[in-house]
Structures are given as C-alpha cells and as structure tokens.
1. Residue by residue through the stretch 172-196, note down the ones that are more than 16 Å from the ligand (Cβ to nearest atom), closer than 18 Å to Arg54 by Cα and touching a helix residue (DSSP H, G or I) at 6+ places or on another chain (Cβ under 9 Å).
2. How many residues does the stretch 150-167 hold that are touching a Ser or Thr at 6+ places or on another chain (Cβ under 9 Å) and part of a loop (DSSP other than H, G, I, E, B)?
3. Can we say Gly272 is of a type outside the set (A, V, I, L, M), surrounded by 13 or more Cβ atoms within 10 Å (Cβ to Cβ), touching a Gly at 6+ places or on another chain (Cβ under 9 Å) and within 18 Å of Cys28 (Cα to Cα)?
4. Could you say which residue among Tyr93, Tyr104, Tyr82 is farther than 30 Å from Arg12 by Cα, surrounded by 15 or more Cβ atoms within 10 Å (Cβ to Cβ) and among the hydroxyl-bearing types (Ser, Thr, Tyr)?
5. With the structure loaded, tell me whether Leu66 is surrounded by 15 or more Cβ atoms within 10 Å (Cβ to Cβ) and touching a residue at least 40 places away in the same chain (Cβ under 8 Å) or whether it fails that test.
6. Assess whether Gly24 counts as being within 11 Å of the ligand (Cβ to nearest atom), out of contact with any helix residue (DSSP H, G or I) (no Cβ under 9 Å at 6 or more places or on another chain) and touching a residue at least 60 places away in the same chain (Cβ under 8 Å).
7. Show the residue pairs meeting these rules: Cβ distance below 6 Å; 6+ apart or different chains; first residue within the stretch 138-149 and small (Gly, Ala, Ser); second residue exposed (fewer than 13 other Cβ atoms within 10 Å of the Cβ) and at pLDDT 90 or above.
8. Looking at (1) in a strand (DSSP E or B); (2) more than 13 Å from the ligand (Cβ to nearest atom); (3) of a type in the set (Val, Ile, Thr), find the lone condition where Val260 falls short.
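The values are calculated or read from the model by the stated rules, or taken from the named source; none is laboratory data. Please read these numbers as outputs of a predicted model, since none were measured by experiment. Using ideal geometry, Cβ is built from the backbone for each residue, glycine included, and neighbour counts are taken over all protein chains shown.
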Amino acid sequence: MNDKKTAPVIGRFAPTPSARLHLGNLMCALVAWLSARKQGGKILLRVEDLDIARCPFMGENTRYMLDDLAWLGLTFDGEVLYQSQRSDIYEAYFKRLGEKGLIYPCYCSRAELHAATAPHLSDHTPIYDRRCLLRAARGELPPTGRTPAYRVQVPDTELGFVDCIAGEYRENLLRDCSDFVVRRADGVFAYQLAVVVDDALSGVTEVVRGNDLIFSTPRQIYLQQTLGFSTPTYCHIPLLVDANGRRLSKREGDGCMEVVREKYKDPAPVLGALAAALGLLPAPESVSLLDLVALFDLAKIPRDTVKLPEGF
Ligand code: GLU
C-alpha cells in the first residue's frame, strides 16, 4: 500500500473517447483535477481508446475531448497516455497472470453467455458459470473454429474498500462477479486489466470517477493485489442529473459539450453551475478554476445525485 500521508497525490482523468464528452464526464474531470490540485498533487490524462474500432487513435472525439478540456482550463501533467499504443505493456501483465495459473480461455459466445440463467452484474454482463474452466477440468475439448477470450480466475473471497464518497463497498468476488474477461476474443485487452496496469505504472494514488464504475473496483483491486501493485484511494461521484432529478438525455443533447459551448461562450458560468451542483457554491455564479481550488471540499459533494441548477 502507498503511504498515503506522505506520498504526493497523483490523480488522473481517463475518458473513453467513444463519443464527445458531456457534462457528466466533465464533472468527473473537474473533481479529479480539483482534488489533486487542492492537495498540491499532479493530475494525469489518459485516453482510454483501447477499442480502436470504436475509438480510432486521435480520432474526432479524442480531438474534441482535448479541446473541451482545454476550453474549461483543465491542464494536465506529463504526457497524455493513449491506451491504444500500450498493448505490449498489457501483454506483459497478461502473461504474468498466466504464469500464476490464473488465466483460461473462454469459448462462449455472447449469445451463449446471455442465454444463461445466471444473474447479471450491474453492467449487464452475466455472472460467469465457469463452464469453459469446468469443461477443461473434465478433459473435454473446446469447440473448434472459435477464437477464445481469456478470463482471470477469482477466489471465493470477500473483497471490500472504503470509498471517499460512497463509503464501504464489498462483494464476494466469485459469487457477485465471477471470473472476468481480461482479453477479448478479438485480442483487445479488457478495460479492467488496462486500467489497473496504467494506474499502477503511472503511480496513481487517487482515482476519481463516476459511480457507474464502483462495481468494477473490487475486480481492479483483486488484479492490483495479484500483480503486486498498490491500491489507490477511490472516490466515486454520483450521477449528474438535471434540476428535476432526471438523467441527462443524450438524445436531446442535454449536457453535450457542443451544445453547452454554443450556449455559454465562456467556461466561467459552466464551472459555476457544476460547482453549485457539487455543493461547492450555494448558487451558480461565474467562477474560475483557481476560485474552485480554494472552495473545493470532497465532503460537500452530494451522496445520492449531483443536481444541475435550474435553467442550466
Ligand atoms: N474510461 C472509463 C470511462 O470513460 C473510465 C475509466 C476510469 O476512470 O477508471 O468511463
């Protein structure tokens, strides 16, 4: 574990450029940035463009993303990392898991997995029933003509952590999650492995991200422990909703940075609206990032949902 009292804070923002950023992503970037800056630490930017079919290297969404972050005034330390350029690194850690005897091929198709009656994880992936592992243990041959994905075996143990915002979160790795894919059948390394390797090699000590990823965290801590990495501090931020508590509708362009930048030519009122939603200001007003560093307090962030101000 890091000595969190003395180690300098290293935060990161790690967006997937599969679409243009929206205010919810920007809110996570802002909190990660403010938290690191407030503690005198560094903040890194990593582009999670693992899946080049969905996110071409330096494609339009990535270019917009860099521009939207710069527009808001969010500057990052060091070089920007692009996951699409780091397959060799992930391969080395994938091999390490293999050497520990934890990796096995899985030939199940998506349709087979989804047809299983097993309960599903919150991200809709079925909890795997280990049929490929069990079949191999029985000495049966795998189906021919299929390229496998690779799963990592998890133990039947409880794994928990204390989130800075959400509090304690625990699960039984086998029962509540089961063996998960670390390399897809198309050869692309899975998010869970890449994120753990990158956070560790970049020396990240604090992960701030959306609450939709809290369910991934035990898997990531398990990989950290297995690969001998430290576990960072986690802060999962609740969902950003409109003033009525409704999800921002992507279809209507709510919160899309294109629309936001068209409406507000200047970042100050946008920062002010996010700051008010995050409980850092009593009411929205134009502010600078510097003002927000002074006002930043993780304890003020709402625990259920982060509500945008009326009329924003
Ligand atoms: N790339 C992920 C996303 O955009 C976030 C990963 C993370 O912060 O761990 O949802």
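1. Passing the criteria: Arg183, Gly187.
2. 2
3. So Gly272 does not fit the description; no.
4. Tyr104
5. For Leu66, the condition - surrounded by 15 or more Cβ atoms within 10 Å (Cβ to Cβ) and touching a residue at least 40 places away in the same chain (Cβ under 8 Å) - is not met.
6. So Gly24 passes the test.
7. Every condition considered, no pair remains.
8. For Val260, the exception is condition (1).
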